[in-house]
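Here the structure is laid out as structure tokens; the discussion comes afterwards.
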Amino acid sequence: MRKFLLTSLVATLPMLALPAAADKFEEVTIEHNEVADNIYMLSGAGGNILLSAGEDGVFLVDDQYSQMAKRIAKKVQEVSGEDVRYILNTHFHGDHVGSNTWFANHHDSTIFAHDNVRERLSNDDSFAAAGLPAITFNSGMTFHLNNDTVHVFHLPAGHTDGDSAVWFENANVLHPGDLLFNERFPFIDLKSGGDVDGYIANVEELISRINDDTVIIPGHGPLANKAEYQSFLTMLKQTKAEVDTMKQQGMTLDEAKTKGLSDQWNDWSWSFITEERWIETLY
Ligand SMILES: [Zn+2]
């Protein structure tokens, strides 16, 4: 352990000396893409945001990292000319709730989330009380705004134990939170109530509720449709089957990681969830 610490210190110190490394968000800009009338996908650093604008005010699904707050606010202003009235958090991870406090303080936004999101954020001393969801729910809620009916529903243990998906009925736009990492292996937070089988079941449930015209703003990755969501489900099931087979053959985790998944899944590996890490989760 000591050796590891020393090594990582040595590796870190030169980085700290470089001003360019001080803020990894410095170069990030918020991009917007109108996916339906007055509904936008915003991307920057962290989870993708859904923005709904209209006569009832701005409604956001998720708000990325705290460092992005002012840039998100500027983009909201550019697109809608307004402040943010409501924010819905799909789950408690920092790349989805990080700007809560800024918006609560500067826009007086009201924040909504599943009960477990507030519970987990309350237990995090570094998270300011002002940014906690003020209104929480157990199974779901419905917003009637901007000429749409917005269904928010909790799904059982999957990515975490407090996941919600949001569906705009008229516009037919779904934000499934981190129950979709489009074109990449997902992070499943096993330490925060996540569950691989539950995750797969939730993805099946969401796919059963949508149609070929549904526009999907994934938690991570590019804009998606139903066919792409199905490809993601196929990947989940088949990679799980591959790891199950290796386990049944008596392979240890290390042996399974050395053998790896079949080549067809190479493209799904990315910086955060590499093939090795995905195998660890499945194992
Ligand atoms: Zn997440």
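Values for this structure:
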{"item": "Out of Pro222, Pro218, sole residue that is closer than 30 Å to Leu145 by Cβ, outside any helix (DSSP H, G or I), within 16 Å of the ligand (Cβ to nearest atom) and at pLDDT 95 or above", "result": "Pro218"}
{"item": "Filter result (in contact with a helix residue (DSSP H, G or I) (Cβ under 9 Å, 6 or more places away or on another chain) and part of a loop (DSSP other than H, G, I, E, B)) within the stretch 76-122", "result": "Glu82, Asp83, Asn89, Thr90, His91, Phe92, His93, Gly98, Ser99, His107, Ser109"}
{"item": "Residues that are surrounded by fewer than 23 Cβ atoms within 10 Å (Cβ to Cβ) and without any contact (Cβ under 8 Å) to a residue 40 or more places away in the chain, drawn from the stretch 91-120", "result": "Thr101, Trp102, Ala104, Asn105, His106, His107, Asp108, Thr110, Arg118"}
{"item": "Residues being among the polar types (S, T, N, Q) and either under 18 Å from Asp178 (Cβ atoms) or surrounded by 20 or more Cβ atoms within 10 Å (Cβ to Cβ) (or both) - total across the stretch 121-161", "result": "2"}
{"item": "Residues being of a type outside the set (S, T, N, Q) and either within 19 Å of His144 (Cα to Cα) or within 16 Å of the ligand (Cβ to nearest atom) (or both) - total across the stretch 61-81", "result": "5"}
{"item": "Options Gly158, Gly162: the member that is within 16 Å of the ligand (Cβ to nearest atom), free of Cβ contacts under 8 Å to residues at least 60 places away in the same chain, closer than 19 Å to Asn116 by Cα and not in a helix (DSSP H, G or I)", "result": "Gly158"}
{"item": "Positions within the stretch 181-195 being closer than 15 Å to Leu155 by Cβ and not hydroxyl-bearing (Ser, Thr, Tyr), in sequence order", "result": "Pro186, Ile188, Asp189, Gly193, Gly194, Asp195"}
{"item": "Given (1) part of a loop (DSSP other than H, G, I, E, B); (2) modelled with pLDDT of 95 or more, number of the condition Ser271 does not satisfy", "result": "(2)"}
{"item": "Residue match in the stretch 165-186 (condition: part of a strand (DSSP E or B), within 12 Å of the ligand (Cβ to nearest atom), closer than 18 Å to Thr281 by Cβ and in contact with a helix residue (DSSP H, G or I) (Cβ under 8 Å, 6 or more places away or on another chain))", "result": "yes"}
{"item": "Test result for Val196, crowded, with 19+ Cβ neighbours inside 10 Å and of a type outside the set (Phe, Trp, Tyr)", "result": "no"}
{"item": "Pick from the stretch 21-80, criterion at pLDDT 95 or above and among the aromatic types (Phe, Trp, Tyr), ranking: farthest from Ala104 (Cα to Cα)", "result": "Tyr40"}
{"item": "Any hit, the stretch 143-154, residues being within 16 Å of the chain's Cα centre (by Cα) and within 16 Å of the ligand (Cβ to nearest atom)", "result": "yes"}
{"item": "Residue pairs meeting the criteria (Cβ under 6 Å; at least 6 apart or on separate chains; first small (Gly, Ala, Ser), in the stretch 181-194; second in a loop (DSSP other than H, G, I, E, B))", "result": "Ser192/Thr160; Gly193/Ala157; Gly193/Thr160; Gly193/Asp161; Gly194/His159; Gly194/Thr160; Gly194/Ile188"}
{"item": "Matching option when the condition is under 19 Å from Ser52 (Cα atoms), over 18 Å from the mean Cα position of the chain (by Cα) and of a type in the set (Gly, Ala, Ser), among Ser164, Ser109", "result": "Ser109"}
{"item": "Residues being among the charged types (D, E, K, R), surrounded by fewer than 13 Cβ atoms within 10 Å (Cβ to Cβ) and over 12 Å from Glu276 (Cα atoms) - total across the stretch 238-263", "result": "2"}
{"item": "Of residues in the stretch 61-82 being in contact (Cβ under 8 Å) with a residue 40 or more places away in the chain and crowded, with 23+ Cβ neighbours inside 10 Å, the one nearest to His32 (Cα to Cα)", "result": "Ile72"}
{"item": "Enumeration of residues in the stretch 188-212 that are farther than 20 Å from Trp167 by Cβ, within 16 Å of the ligand (Cβ to nearest atom) and part of a helix (DSSP H, G or I)", "result": "Leu190, Lys191, Ser192, Val196"}
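The values are calculated or read from the model by the stated rules, or taken from the named source; none is laboratory data. Keep in mind that this is a model prediction, so the values were computed, not measured. Positions of Cβ are generated from backbone atoms using ideal geometry, with glycine treated the same way; all protein chains shown enter the neighbour counts.
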